[in-house]
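The values are calculated or read from the model by the stated rules, or taken from the named source; none is laboratory data. It should be emphasised that the depicted structure is a prediction, and the values quoted were computed from it without experimental measurement. Positions of Cβ are backbone-derived with ideal geometry, glycine not excepted, and every protein chain shown enters the neighbour counts. We work out accessible area using only protein heavy atoms, side chains counted, and drop any ligands, DNA or RNA first. Shrake-Rupley method; radii C 1.70, N 1.55, O 1.52, S 1.80 Å.
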Amino acid sequence: MELSQDQEKALARLLAWYKDPARRPYITLGGYAGTGKTTLIAVLKGELASLNKALRVGFCSYTGKAAQNLKNKLKEAGALAARDSVSTIHGLIYTPLENEAGQIAGWARKEELERDLIVVDEASMVDGLIWADLCSYNIPIVAVGDHGQLPPIAGAFNLMQRPELLLTQIHRQAAGNPIIRVSEFARTSGLVPPERYGPGVVKYLKDDPDAQERTGELLEGWTPETLILCGYNTTRNRINQFVRAARGFEGARPASGDRVICLRNNHKKAVYNGMLGTVTRLARYNDDWYEAEIELDDRERPYDGLIYAPQFGAKTGVNFTKDRKLAMQGDLFDFGYALTVHKAQGGQARRVVMFEERFPKMDDDMWRRWLYTGVTRAEEELYLFG
């Protein structure tokens, strides 16, 4: 594969790091959308495999969708061997613990991993607890992420705050991609000009006569391959109810078949902030709780537990951190048709419908990161409403 100049430099440093007997436990690689992070990792894998024919690499990502995308790209590049693995981080390092009924009662960290190298994709999503568990195996780690995105919404831990290696040069193959072009406007100026950038990639202005009609069509045509993104929770709630009504759901209560999002990490249950899923079973437990089974996108086994009823459609998120009694009883979910950009980090969808909403307290840098993060969730189609 032909590498760009900054890819060549990064590859040389990655190889030098791995070969160094006194190497540091991990190294971080940051790169904008379209700079060829996965291409570089595929080439690195090939170089290392030529040095060690028995090399075993554990490729992993925060979400199942991102892990599948990574697997497809590595296969396409011929970089995967039978002894390598590609999974979510949780699938790599945790084992489910079942109760007598065959339900998952918790997750335990695996005693050891038979891996010579771990490559973590979408590393900006990794929190401090999971990172500590990853590092505990004393296996060298390459952490890869997009340093142009928003920082994690909670906590001070941020692997991509200052990556040691940087990719900034957009690949020739990616330069013609209309979504990459929009992302460059977002990242560099925070202003995406209204125009048609390509098939299914359009920026509308609010006062555009076609915008309102197109908005309705896109929201009514929601499918699980669609991400609807906005800034304000009030907008998110309004869109969620509109989409639910269009899909035939009545009232404000969740029901079987509803799309939901997890709003709070629960390491014991292995559900994490931003995980999306579909309700497959729901029953009232009491006034405040539902007994729920949720088919999660990022897990083979469904979630089974209590979820907090007052959160659905609430104007703000319930603070379980302050109310420990609530946190001990169950988990926090809400409708997941429309998401704030912060909640969508790490996720991707074939189609993204995005509403530009800037908070008054956002400085220019944070706005650019917000816009860029949202835009780069799109794989094929992007409809941006200014």
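Before we move on, is Thr316 under 21 Å from Ile239 (Cβ atoms), of a type in the set (Val, Ile, Thr), surrounded by fewer than 23 Cβ atoms within 10 Å (Cβ to Cβ) and touching a Lys or Arg at 6+ places or on another chain (Cβ under 8 Å)?
So Thr316 does not fit the description; no.
Against the conditions (1) modelled with pLDDT under 90; (2) open to solvent by 20 Å² or more (accessible area, probe 1.4 Å), where does Pro310 fall short? Just the number, please.
Failed condition: (1).
Given the criteria of a type in the set (Phe, Trp, Tyr) and buried (at least 17 other Cβ atoms within 10 Å of the Cβ), does Tyr285 qualify?
For Tyr285, the condition - of a type in the set (Phe, Trp, Tyr) and buried (at least 17 other Cβ atoms within 10 Å of the Cβ) - is not met.
Given the options Asp133, Asp127, name the one that is open to solvent by 30 Å² or more (accessible area, probe 1.4 Å), without any contact (Cβ under 8 Å) to a residue 60 or more places away in the chain and farther than 21 Å from Tyr32 by Cβ.
Asp133
At positive phi, touching a residue at least 40 places away in the same chain (Cβ under 8 Å) and part of a loop (DSSP other than H, G, I, E, B): which single residue out of Gly148, Gly190 fits that description?
The match here is Gly190.
Search the range 149-175 for residues being open to solvent by 70 Å² or more (accessible area, probe 1.4 Å) and over 22 Å from the mean Cα position of the chain (by Cα), and hand back the single one that is nearest to Gly128 (Cα to Cα).
Ranking the candidates gives Gln169 first.
I'm checking my understanding of the structure. Among residues of the range 344-368 that are in a strand (DSSP E or B) and open to solvent by 20 Å² or more (accessible area, probe 1.4 Å), which one is modelled with the lowest pLDDT?
Out of the qualifying residues, it is Arg350.
Do any helices (runs of 4 or more DSSP H) entirely within the range 31-119 hold 1 or more residues that are small (Gly, Ala, Ser) and open to solvent by 30 Å² or more (accessible area, probe 1.4 Å), and if so, which?
Of the helices (runs of 4 or more DSSP H) lying wholly inside the range 31-119, those with at least 1 residues that are small (Gly, Ala, Ser) and open to solvent by 30 Å² or more (accessible area, probe 1.4 Å) span 37-51, 89-93.
Can you tell me which residue in the range 228-252 is surrounded by the most Cβ atoms within 10 Å (Cβ to Cβ), limited to those that are part of a helix (DSSP H, G or I) and among the basic types (Lys, Arg)?
Arg236
Residues Lys325, Lys269: which one is of a type outside the set (Asp, Glu) and exposed (fewer than 15 other Cβ atoms within 10 Å of the Cβ)?
Only one candidate passes the filter, namely Lys325.
Can you name every one of the strands (runs of 3 or more DSSP E) wholly within the range 269-315 that holds 3 or more residues which are out of contact with any strand residue (DSSP E or B) (no Cβ under 9 Å at 6 or more places or on another chain) and touching a residue at least 40 places away in the same chain (Cβ under 8 Å)?
In the range 269-315, no matching strands (runs of 3 or more DSSP E) lie anywhere.
When the residues of the range 12-30 are filtered to those that are under 30 Å from Glu379 (Cα atoms) and hydroxyl-bearing (Ser, Thr, Tyr), which remaining residue is surrounded by the most Cβ atoms within 10 Å (Cβ to Cβ)?
This residue is Thr28.
Cβ-Cβ distance below 7 Å, separation of 6 or more or different chains: which pairs start in the range 198-212 with a residue that is part of a loop (DSSP other than H, G, I, E, B) and end on one that is open to solvent by less than 10 Å² (accessible area, probe 1.4 Å) and among the hydrophobic types (A, V, I, L, M, F, W, C)?
Hits for this filter: Leu205/Ala211.
Has the range 175-182 got at least one residue that is in a loop (DSSP other than H, G, I, E, B), without any contact (Cβ under 8 Å) to a residue 12 or more places away in the chain and over 20 Å from Val43 (Cβ atoms)?
Yes, the range 175-182 has at least one match.
Can you name the condition, by its number, that Gly64 falls short on among (1) farther than 16 Å from Val119 by Cβ; (2) touching a helix residue (DSSP H, G or I) at 6+ places or on another chain (Cβ under 7 Å)?
The one condition Gly64 does not meet is (2).
Among the listed residues Glu225, Glu220, Glu184, identify the single one that is within 24 Å of the chain's Cα centre (by Cα), among the acidic types (Asp, Glu) and open to solvent by 70 Å² or more (accessible area, probe 1.4 Å).
Glu225
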